[in-house]
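Everything below concerns the one structure shown next.
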Number of protein chains: 2
Amino acid sequence: MPSLDRSVLERLPTFRRMAGEDIDMLLKDAHPSRFSKNSEIFSQGEEARSFFLLISGHVRVVRTSAQGDKVIVRHINEGELMGIAIAMERAVYPASAIAIVECLVLNWPNSAWPSLKSKVPGFGTAVYRTIGQRFQETHDRVLEMASEQVEQRVARAMLRLMNEAGRQTADGMEIDFPITRQEIAEMAGTTLHMVSRLLSVWKDQGLVRGARQKIVISNPHGLMRVAERHRDE
Amino acid sequence: MPSLDRSVLERLPTFRRMAGEDIDMLLKDAHPSRFSKNSEIFSQGEEARSFFLLISGHVRVVRTSAQGDKVIVRHINEGELMGIAIAMERAVYPASAIAIVECLVLNWPNSAWPSLKSKVPGFGTAVYRTIGQRFQETHDRVLEMASEQVEQRVARAMLRLMNEAGRQTADGMEIDFPITRQEIAEMAGTTLHMVSRLLSVWKDQGLVRGARQKIVISNPHGLMRVAERHRDE
DNA sequence: TCCTCTATTTGCGTAGACGCAAAGAAATTA
DNA sequence: TAATTTCTTTGCGTCTACGCAAATAGAGGA
C-alpha cells in the first residue's frame, strides 16, 4: 500500500509528464523512509539493494579513496534520484550518501527495477536521462580539475551550489543547507585554507557573504566573472 | 544485408553470451565503415545520429572546454562501444572521437536503438553496464585529480594505457598505438614538460623505455608502486 | 641527401597552492 | 556561566608544478 499520495510525485519535474496510473504503479513498490541529519542513506562499497528518490531535504554524495581522500561527488536535491546503481548493472554503491538535513526519501527495492522499467517506460527514460546529465557533469568536472586554477574551481563549486540549492534572500542567494569550508574544498579539490582565503577576498569585493556553515552569494554575476577568468587575463 | 559475419561479434566479450539470432538481429541494422588515421568518427557538440562499436583499431575520445583546454576522456579499444549518447537520452555527442590508427567501426543509426534494446535484451544490458563502468572510472578520475600529485597521476595514466592497450614484447609492455607526451599530459591533467621529466626519471630507474610516440613499460610493478606512493611516504 | 616539421628533453625562474601552526569566533555541552 | 568542541581565519615558509625558452633528435618529404 503506498503511504504517499500521487501529488507528491506529480509536483516533481521528472514525473510531471507521467500518467496518473503510472505514478500509482511506481508508488505501489515504493516505501518512504526518514533519515535524520548526518545519517547515512547508503554506503560506498555496500551491496546495492535499493534505489531512492529524495522527497525533501538535501543529501551529500561522497566518494572516498583507498588512501582516505574524499570528494563530494554531488548534492542531491528535492525530487532527484540517487543510488541508481541497478540501472547501470552495478552490484555495489560507488559512493556514500549522507543526509545533510532531516530527509524524507522514497525507496524502491532493486527487485522492482526490471518491471518498473518495462511497465513504466517514462521512468526508465527519466533514470537514463539523469545518468546522462550526471555523466556529462562529471566529465566537465574532470576537465575543470585538469585545466583550471583553484580560484576558478572554487568559484564554480559555489555557483553549482547556488544553482542547485540557492534560495533568494535579502542579501542574495543563500545556500539552503549548512556547508563548511572543508566541504567546499572537497567539492573543488583543494584545502579548506584556500577556500577560506578566497572567501575572504570575495567578501572584501562584495561578491559573497559568509558565516559559520553558511554561504550567501551577493553578486552571482561577479562570481561568474571570476569563474570564467582564464589564466592569462 | 549485413556485410559482416557473426563471428566478428562472437569473439568479443560483450557479445560472447548472446544467441546467434540476436547477433544477427544486431548486424542487420549495422553497417561497417572505415576511418583513416587521425580522422574524426564523431564530433563534440554534433547531433548524435549513430552509435558505434570499434571492431579494430584504437580511438581517442577527447573533450574540449570553451577555453580550448583538452582532456583525453578515454581510449576505446577493439570490441568496445562508443558514442552511445542515445542510451542516456543525449541529443549531442559530449566529446569527439578520433581514430588513432586506421579503424574498422560498426555503426548503428540511433533510430535502431529502441527496438534493439527491447528485442535484444542482452544488448541493452551490455550498453548500460558499459556506461556504469565508465561512470565509475570517471569518478575515480575526479578523485585522483583532486587528491593526487602529478607524478602519481601520470603513473596511473600509463598503467591505464597498459591495461587497455598493452602488448607484451621483449622489452616489456608496449602501448599498442602511437602516443605523444602531450597526449599523456592530457590524460593526466598536466603539461608535456612534466611528463617528459617524469619519463626521464623513470627511464633512469629502469621502469619505462620511451621513444618518439612510443612507450614501453619495462617494470609494471615498479610503476604501480610509484602510482600508489602517497604524499607522505 | 638535405630540409622541414614535429616531438622530446632539459634548464631556469616564478608563482600558485599547500602544510603547518596559532589565534579567533561561534556553537554545544556540562 | 564556564568549558569544550568545531569551524574559520590568517600568517609564514616551502615546494610542486608551470611557463618560457632553447637545444636536441627523429621522421618524412622534396
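The values are calculated or read from the model by the stated rules, or taken from the named source; none is laboratory data. Since this is a predicted model, take the numbers as computed values, not measurements. Every residue, glycine among them, receives a Cβ derived from its backbone with ideal geometry; neighbour counts consider all protein chains shown. Side chains are part of the model used for accessible areas, which takes the heavy atoms of the whole protein and leaves out ligands, DNA and RNA. Shrake-Rupley method; radii C 1.70, N 1.55, O 1.52, S 1.80 Å.
Tabulated data for the structure shown
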| read-out | value |
| --- | --- |
| Segment B:Ser39-B:His230, length gained on full extension (0.36 nm per residue, minus Cα span) | 64.8 nm |
| Per-copy distances of the A:Thr64 label point, shortest first, in nm (7 angstrom along Cα→Cβ) | 4.1 |
| Cα lying deepest toward the dipole's positive end in chain B, options B:Cys103, B:Val216, B:Ala19, charges on Cβ | B:Val216 |
| Mean residue ellipticity (222 nm) of chain A, computed from DSSP H runs ≥ 4 via -39,500 (n - 2.57), nearest 500 | -12500 deg cm²/dmol |
| Cα-centre dipole for chain A with unit charges at Cβ (Lys and Arg positive, Asp and Glu negative), debye to 20 | 180 |
| Inter-copy separations for B:Lys119, label at 7 Å along Cα-Cβ, nm, ascending | 2.6 |
| Average other protein chain Cβ within 10 Å of Cβ, residues B:59-68 | 3 |
| Binned Cα-Cα distances of region B:6-145, short to long, each 10 Å bin given as a whole percent | 12, 42, 36, 9, 1 |
| Cβ-placed point charges (K, R +1; D, E -1), dipole of the protein assembly as shown about Cα centre in debye, nearest 20 | 280 |
| Centre separation in Å (Cα based) which lies between region B:149-206 and region A:133-211 | 33 |
| Total accessible surface hidden between B and A, rounded to 100 Å², 1.4 Å probe | 3400 |
| Listed residue (A:Val142, A:Asn38, A:Gly124) projecting farthest to the positive dipole end of region A:6-145, Cβ model | A:Gly124 |
| Lys, Arg +1 and Asp, Glu -1 on Cβ, resulting dipole of region A:1-76 about Cα centre, debye, nearest 20 | 360 |
| Farthest toward positive dipole pole in region A:6-145 [+1 Lys/Arg, -1 Asp/Glu at C-beta], among A:Val8, A:Val71, A:His58 | A:Val8 |
| Inter-chain Cβ neighbour average for residues B:140-153, partner chain, 10 Å | 5 |
| Simple label model, 7 Å out from Cα along Cβ direction - A:Gln67 to A:Gln168, nm | 4.5 |
| Kirkwood Rh (inverse of mean 1/r, distinct Cα pairs), the protein assembly as shown, angstrom | 24.1 |
| Partner chain coverage, peptide A:69-80 - average Cβ within 10 angstrom | 2 |
| Reachable lysines, given that their alpha-carbon falls under 19 Å from the alpha-carbon of A:Lys214 and they are not under 8 places away in the same chain | A:Lys37, A:Lys203 |
| Carbon and sulfur %, accessible surface of region A:6-145 computed with the full protein complex present, 1.4 Å | 48 |
| Ratio Rg/Rh, restricted to region A:107-229 and using Cα atoms, in which Rh is the Kirkwood radius | 1.10 |
| Coordinate range along principal axes, alpha carbons of region B:187-228, Å, largest first | 24, 23, 16 |
| Protection-proxy order for peptides A:138-149, B:22-33, each taking the mean of Cβ atoms within 10 Å per residue, highest first | A:138-149, B:22-33 |
| Teacher prompt: B:Gln44 distances to equivalent labels in other copies, 7 Å Cα→Cβ, nm | 2.7 |
